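**Student:** My structure is below; once you've seen it, I'll send some questions.
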Amino acid sequence: MKYVARTLRCSYGVVGLNGWQYLMSDTLPGEVRLFDSPELAEEFLSSHGLDIDESDIEIVECPDGEVER
(Lines give C-alpha, C1' and ligand atoms only; values in the text may rest on other atoms or scores of the structure.)
Protein backbone atom coordinates (compact mmCIF):
# COMPACT_ATOMS: atom_id res chain seq x y z
CA MET A 1 0.00 0.00 0.00
CA LYS A 2 1.26 3.48 -0.87
CA TYR A 3 0.12 6.90 0.37
CA VAL A 4 0.05 10.38 -1.12
CA ALA A 5 -0.24 13.88 0.30
CA ARG A 6 -2.83 16.10 -1.36
CA THR A 7 -4.80 19.31 -0.94
CA LEU A 8 -7.60 21.17 -2.67
CA ARG A 9 -5.87 24.51 -2.06
CA CYS A 10 -3.87 25.77 -5.04
CA SER A 11 -0.68 27.76 -4.70
CA TYR A 12 -2.59 31.06 -4.93
CA GLY A 13 -5.08 30.14 -2.20
CA VAL A 14 -8.21 29.14 -4.11
CA VAL A 15 -9.79 25.93 -2.80
CA GLY A 16 -11.07 23.29 -5.21
CA LEU A 17 -10.68 25.29 -8.41
CA ASN A 18 -8.24 22.90 -10.07
CA GLY A 19 -9.15 19.69 -8.24
CA TRP A 20 -6.65 17.82 -6.10
CA GLN A 21 -3.10 19.13 -5.92
CA TYR A 22 -0.53 16.41 -5.08
CA LEU A 23 2.94 16.56 -3.61
CA MET A 24 5.20 15.83 -6.55
CA SER A 25 8.39 13.78 -6.58
CA ASP A 26 11.64 15.72 -6.51
CA THR A 27 13.51 12.89 -8.28
CA LEU A 28 10.96 11.75 -10.90
CA PRO A 29 9.71 14.76 -12.90
CA GLY A 30 5.95 14.74 -13.40
CA GLU A 31 5.38 11.90 -10.92
CA VAL A 32 3.43 12.09 -7.65
CA ARG A 33 5.52 11.41 -4.56
CA LEU A 34 4.48 8.08 -2.97
CA PHE A 35 5.08 7.19 0.69
CA ASP A 36 5.21 3.74 2.29
CA SER A 37 3.14 4.83 5.31
CA PRO A 38 1.09 7.81 6.52
CA GLU A 39 3.69 8.36 9.24
CA LEU A 40 6.49 8.73 6.68
CA ALA A 41 4.39 11.21 4.71
CA GLU A 42 3.66 13.26 7.82
CA GLU A 43 7.33 13.15 8.86
CA PHE A 44 8.38 14.37 5.40
CA LEU A 45 5.86 17.21 5.45
CA SER A 46 6.78 18.34 8.96
CA SER A 47 10.50 18.26 8.07
CA HIS A 48 9.63 20.77 5.32
CA GLY A 49 7.69 23.09 7.64
CA LEU A 50 4.16 21.85 6.91
CA ASP A 51 1.79 20.84 9.70
CA ILE A 52 -1.07 18.72 8.38
CA ASP A 53 -3.12 19.59 11.46
CA GLU A 54 -2.87 23.30 10.62
CA SER A 55 -3.22 23.06 6.84
CA ASP A 56 -5.57 21.67 4.23
CA ILE A 57 -3.23 18.75 3.47
CA GLU A 58 -4.46 15.19 3.81
CA ILE A 59 -2.66 11.88 3.49
CA VAL A 60 -4.65 9.17 1.71
CA GLU A 61 -4.19 5.58 0.52
CA CYS A 62 -3.14 5.06 -3.05
CA PRO A 63 -3.57 1.27 -3.36
CA ASP A 64 -2.62 0.83 -7.00
CA GLY A 65 -0.23 3.78 -7.35
CA GLU A 66 -2.86 5.74 -9.28
CA VAL A 67 -4.08 9.10 -7.99
CA GLU A 68 -7.54 10.65 -8.20
CA ARG A 69 -7.42 13.82 -10.30
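**Student:** At 7 Å along Cα-to-Cβ for each site, give me the label-to-label distance between residue 55 and residue 8 in nm.
**Tutor:** Going by the 7 Å Cα→Cβ label model, 1.8 nm.
**Student:** Any idea of residue 7's accessible area? Nearest 10 Å², probe 1.4 Å.
**Tutor:** My reading of the accessible area for residue 7 is about 20 Å².
The values are calculated or read from the model by the stated rules, or taken from the named source; none is laboratory data. Not measured: the values here are computed from a predicted model. A quick note on method: Cβ atoms are made from the backbone with ideal geometry, for glycine too, and the neighbour counts reach across all protein chains shown. When the accessible area is computed, the model is the full protein with side chains, heavy atoms only, and any ligands, DNA or RNA have been set aside. Shrake-Rupley method; radii C 1.70, N 1.55, O 1.52, S 1.80 Å.
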